[in-house]
1. Given the pairs 54/108; 143/381; 75/191; 292/429; 108/354; 97/292, which are separated by over 20 angstrom at their Cα positions?
2. Give a residue-ordered list of calculated ³J(HN,Hα) values for the stretch 58-63 (Karplus: 6.51 cos²θ - 1.76 cosθ + 1.60, θ = phi - 60°; whole Hz; x for Gly, Pro).
3. Going by amide H atoms built from the backbone, whose H comes under 5 Å of the H on residue 54, apart from near neighbours?
4. Taking H placed 1.01 Å from N in the peptide plane, check which residues at least 5 places from residue 274 or on another chain put their amide H under 5 Å from its amide H.
5. If I model a spin label as a point 7 Å beyond the Cα along the Cα-Cβ vector, how far apart are those points for residue 246 and residue 139 in nm?
6. Where the only charges are on Cβ atoms (+1 Lys, Arg; -1 Asp, Glu), what is the dipole of the stretch 1-132 about its Cα centre, to the nearest 20 debye?
7. As I understand it, the value is the acute angle between the Cα axis of helix 421-433 and the longest principal axis of the Cα atoms of the chain; what does it come to in degrees, rounded to 10?
8. Using only helices, what value at 222 nm comes out for the chain when you add -39,500 (n - 2.57) per DSSP H run of length 4 or more and divide by the total residues, to the nearest 500 deg cm²/dmol?
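Read-outs throughout are calculated quantities, based only on the coordinates presented, and are distinct from any laboratory measurement. Worth saying up front: this structure is predicted, and the values here are computed from it rather than measured. Note that each Cβ is placed from the backbone with ideal geometry, even for glycine, and that neighbours are counted across all protein chains shown.
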Amino acid sequence: MKKYILSDCNLVDVEHGCALLPHRDIYIGGKVIEKIVPHGDAPQGYTVIDASGKFVMPGLINLHVHLFGTGRPSKALGGGKAQQRLLRFVQTAFGKKILGKIVEASAKNQLYSGVTTLRAVGDLFGSDIALKRRIENGKGGAKGLRMFISGMALTAPGGHGAGTFARTASSPEELARMVGEAVSAGADFVKICITGGVMDAKKRGEPGEVKMTEEQVRAVCDRAHALGKKVAAHVQSERGAEIAARCGVDTIEHGAPLSGESLRLLSERNGAQVVTCTPALPNARLPHEATKLNEMAAYNSEVVMRGMIEGARRAMAAGIAVGMGTDSSCPFCTQYNMWREVQWFQKLMDVPVKTALYIATLGNAEILGISDVTGSVREGKSADILLLGKNPLEDLSALRDIDCMFAQGRFIAEPRPKRMPEIERQLDKLTEEL
Ligand SMILES: [Zn+2]
């Protein structure tokens, strides 16, 4: 591998309050950061990248991704006959190939938008596992991306994702057996869906209906923990959050306010809440014609969003880690908008820009248990690095366009994700209204 120097940059030091360290040279050799020194003459054997006046920060970490879709609103996975046909197709030999290409394109878009590590929380028929192996073998456009994957999610019959990205079973023993299967197949963690969401709510003001029993959730958590794996749970109501906390879930995905007792349990387990503003805001605030949600679903989206934000505020106040992810593949959740999640998180949570930047990098790395490997630009750590033309501490939209980047030492000269202009226009408008 070639060796590089990012020369004379401003370094955003996420380990120390996002302090800006001017005039630094960052030496990159192989997959790691060799050293960081005050700007000086470059020795021979290095390719010098002039970064004067530019900004260096660690690669983003996206904790909540599905790779099977683009984020363009579509009826194909909205249930019914079209969905059944599509799901039958992707299980044929030819369909499998197409699905492989789709998830790889998604992963490449994530990477080229500055995401150097992602956690895929429920994908179709082992496509995430196959992609991860391919990348680890140095193949394809997403080479360099670090992936954590769950394989198919698990839920009870009728639960969130049932019939698409989740397998279902009723008996706790059967669910525990499926955990074993997923781990044997290569899952890094287990994803379950405890509650429903916005689309399947039956009452106005009551989204996130509980779909899994305590016995079912406990059986999954116990087996996963026995196998040394963590459990991430889709939760969109207070009652669901209580079950998650009580039965052993490690990360509450999306989230809702927790009681004092539940906060204590989650904290003891060193658990976390992973906020997803990317699906929440468009569902709640875009016009019905765009989201195709009925009035009740739009109202419930606002309820879910407020609950998630309130929950995350309480978690942070209780010293519990809060992370972020984009829920890519959901309507309006593209594979290249982690930068937008950081911006929306900052505004909706009303936290300093520095806090949002920290969470999107080192904070998320800590939740994954890999903060010794990545999450900050430091000597000896993996070369997961973004070079930005503008200062992200002044304006987070500086993250939208990346000059160049490194992912586990792979240099990407011009990272340009494939964007969908019409969706961008709608999301930009939402940002203006925040
Ligand atoms: Zn999700």
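1. Values: 54/108 24 Å; 143/381 18 Å; 75/191 24 Å; 292/429 18 Å; 108/354 27 Å; 97/292 31 Å.
From the list (54/108; 143/381; 75/191; 292/429; 108/354; 97/292), the Cα-Cα distance tops 20 Å for 54/108; 75/191; 108/354; 97/292.
2. x, x, 6, 10, 9, 8
3. Those qualifying (amide H under 5 Å, at least 5 residues apart or on another chain) are 10.
4. Distant-sequence amide H within range of residue 274: 252, 253, 254, 323.
5. With each label point 7 Å from Cα toward Cβ, the separation is 4.7 nm.
6. 1120
7. Helix 421-433 sits at roughly 90 degrees to that axis.
8. -11000 deg cm²/dmol
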